[in-house]
Amino acid sequence: MFDWRWDFTFEILPRLLLATVNTLMAAGAGYAIAVVLGLVLALAQRTPYRALTYAVRELVEFIRSTPLVLQIFFVFYVGPQFGIRLAPWTAGMIAIGLHYAAYLSEVYRGGLESVPKGQWEASLALNLSPARTYFRIIIPQALPPSLAGMGNYLVGIFKDTPMLSVIGVAELMHTANAIGSESYRFLEPYTLVGVIFLAISLPTAALIRVFEAWVRRQLGMS
Amino acid sequence: MSYLEFLAEFGPRFVDGSVVTAMQTVLAAALAIAIAVAMGLMRLSRSVPVRWFATVYIEIFRGTSLLVQLYWIFFVLPLFGISLEKFTAGFVAVGMNLGAYGAELVRGAILSVPKGQWEAALALNMSPAKRMIRVIFPQAFLNMLPPWGNLLIELLKGTALVSLISVADLMFESKQINSTTFLSAQAFGTALVIYYVMSRFVITPFMRWLERVMARKMGRA
């Protein structure tokens, strides 16, 4: 095809694959933050304190309706203005973790709301503590309806990691940019980045669907 | 420098940037809707090659990142003789990406139209095109409006990436202001608030209004 150079492709492939490890680490770390923080944001909206519910709702809306790349810049540059220096990795993980926590909190909220009210009443009647009610009764039932959304955002966070390149996190896109500006060849690095993303995101999406079906079967829900 | 002085000095640049962002959003949305309808219908085609083409398009654009697609369109396409100006490359990339997501919404909405509607249109001897245009699509359109609201917000957010190929949008202006003044909280904070206002107080109310109007037109208000 046109000007495609295979020797160059094989020369840069190891470098790109090494950067892929960084991309996967960034996605994994960001997702871990998002999964935990998202649950906090979802539960914070279920307390009896109206003001807290309202404040968290607005925060989630704000994070969801503004661009991630701008949030990354914000977290990275605002710290130093007040004397807090964040490494690109730290700033990137905070920004991407917070962004996806907002999305995941919506997924959890939907899952929690799908649990019938009778389950709460039954737990109350059985004199279960609130913690026990959540962990033994509510969350196991809220999980399966949340899994599809959680899986989508796992793939989503992976596909958003290239934005971390703007503050210099050495992930896949950053490496492709570096190769491009060293060699003045953009065709191979950018195409390879696309192929690597496809090669990871398509099987992952398929695996998530299999996993979701498996969990539903385990819990006797289908 | 107080925040008011900051706004007085840089306000016009935020306005310029917002106008470019709005233009990118409208153009990208038009392209995304056209692609979504075309690909969504092609996914339901009876012809295998047509269905395959749409599936491959959707999987490629949903399986890779918008940023990768944007760079590919801007830096690699010229090697194939297709040079797009940065402004055009920007909204084309965003539109093509979100169009792939929209295609699945179109497909789902069309499939959600009750089977009886298809059968009734067949019984009335409507041609397939007429059946789709007059009976199926209007009902599907109403069903897919709520998820399209979310998709348009994603699209607005996606346009922020065009700043990385130097389109002078809101994101780009705020980055420039940050690098000359080092007032990061003000520069990026203001841009964040403008994006928030655009999605929460422009796109969302517009979509709600459109849903109401369409529901009335379909006699479902």
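FYI, it's all coordinate maths here, none of it is from the lab. Quick caveat, the model's predicted, so the values are computed rather than measured. Neighbour counts are summed over all protein chains in view; Cβ atoms, including those assigned to glycine, are modelled from backbone coordinates with ideal geometry.
To the nearest whole number, what is the average tally of beta carbon atoms from other chains within 10 Å of the beta carbons of peptide B:174-183? Kindly include the intermediate steps, with their values, before the conclusion.
Values: counts 3, 5, 0, 0, 5, 1, 0, 0, 3, 3.
Partner-chain Cβ atoms within 10 Å, mean over residues of B:174-183: 2.
Let me spell out the model: positive unit charges on the Cβ of Lys and Arg, negative unit charges on the Cβ of Asp and Glu, origin at the Cα centre of the range A:6-218. What dipole size does that give, in debye rounded to 20? All intermediate terms of the calculation are to be shown ahead of the outcome.
Details: 15 positive and 12 negative charges, 170 e Å.
Once rounded to the nearest 20, the dipole reads 820 debye.
What shape does the protein assembly as shown take by its C-alpha gyration tensor, where a ≥ b ≥ c are the square roots of the eigenvalues and a/c under 1.5 counts as rounded, a/b above b/c as prolate, and the rest as oblate?
On the way: a/c = 1.37, a/b = 1.10, b/c = 1.24.
In terms of gyration-tensor shape, rounded.
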Residue among A:Pro130, B:Val50, A:Pro80 farthest towards the positive dipole end of the protein assembly as shown, charges placed on Cβ: A:Pro130
Loop chymotrypsin sites (Phe, Trp or Tyr not before Pro), the range A:38-88, which have at most 13 other Cβ atoms in a 10 Å radius of their Cβ (DSSP): A:Tyr49, A:Phe82
The range B:1-104: trypsin sites (Lys or Arg not before Pro) in DSSP coil with no more than 11 other Cβ atoms inside 10 Å: B:Arg46
Helix axis angle, A:88-113 relative to chain A longest principal axis, alpha carbon, degrees: 40 degrees
Inter-label distance, nm, simple model (7 Å from Cα along the C-beta direction), B:Val202/A:Asn152: 2.5 nm
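With a/c under 1.5 counting as rounded, go ahead and sort the range A:6-218 into rounded, prolate or oblate using the C-alpha gyration tensor (a ≥ b ≥ c being the square roots of the eigenvalues; past the cut-off, prolate if a/b is larger than b/c, else oblate). Walk me through the intermediate numbers first.
Working: a/c = 3.42, a/b = 1.72, b/c = 1.99.
The shape class here is oblate.
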Net charge dipole size for the range B:5-60 [Lys, Arg +1 and Asp, Glu -1 on Cβ; Debye, nearest 20]: 580 debye
Amide N of the range B:45-61 lying under 18 Å from the label point, which is placed 7 angstrom from the Cα of A:Arg209 along Cα→Cβ: B:45, B:51-61
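Summing -39500 (n - 2.57) over the DSSP H runs of n ≥ 4 in chain A and dividing by its residue number, what mean residue ellipticity at 222 nm do you reach, to the nearest 500 deg cm²/dmol?
So the helix-based figure for chain A works out to -26500 deg cm²/dmol.
Using DSSP to define loop residues, name the GluC sites (Glu not before Pro) in the range B:77-155 whose beta-carbon has at most 10 other beta-carbon atoms within 10 Å. Write out the running numbers ahead of the final one.
On the way: sites: B:Glu85, B:Glu104, B:Glu119, B:Glu154; in loops: B:Glu85.
Qualifying residues, ordered by number: B:Glu85.
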3J(HN,Hα) from dihedral phi, the range A:127-134, Karplus parametrisation 6.51/-1.76/1.60, rounded to Hz, x for glycine, proline: 6, 7, 5, x, 4, 5, 4, 5
Positive-end residue of B:Ala168, B:Gly90, B:Gly116, charge dipole of the range B:17-170 with Cβ unit charges: B:Gly116
Cα-based shape type of the range A:84-156, given that a ≥ b ≥ c are square roots of the gyration tensor eigenvalues and the cut on a/c is 1.5: prolate
With Cα atoms, 0 to 90° folded angle of helix B:137-158 axis to chain B main axis: 20 degrees
Tilt relative to chain B, helix B:3-43 - C-alpha long axis, 0 to 90 degrees, to 10: 20 degrees
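Between A:Leu52 and B:Lys217, what's the calculated FRET efficiency when r is the beta-carbon distance and R0 is 45 Å? Round to 0.05.
Working: r = 41 Å, r/R0 = 0.91.
After rounding, the FRET efficiency stands at 0.65.
Residues with beta-carbon under 15 Å from that of A:Ile138, excluding A:Ile138: net charge, scoring Lys, Arg +1 and Asp, Glu -1? Before the final figure, lay out the partial values.
On the way: positive: A:Arg46, A:Arg109, A:Lys117, A:Arg132, A:Arg136; negative: A:Glu113, A:Glu121.
Net charge around A:Ile138: +3.
To the nearest 20 debye, what charge dipole does the protein assembly as shown have about its Cα centre, counting +1 at the Cβ of each Lys and Arg and -1 at the Cβ of each Asp and Glu? Display every interim value, and only then the final one.
Numbers: 35 positive and 24 negative charges, 369 e Å.
The dipole of the protein assembly as shown has a size of about 1780 debye.
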For the protein assembly as shown: lysine pairs under 25 Å (alpha-carbon distance), excluding those fewer than 8 apart on one chain: 9
13 Å beta-carbon shell around B:Val113, net charge (K/R +1, D/E -1): +3
Label-to-label distance, nm, for residues given as B:Leu210 and B:Ser112 (7 Å Cα→Cβ offset): 1.5 nm
Among B:Asn150, B:Asn125, B:Asn97, residue whose mean-square fluctuation peaks in a GNM of chain B (springs only between Cα atoms under 10 Å): B:Asn125
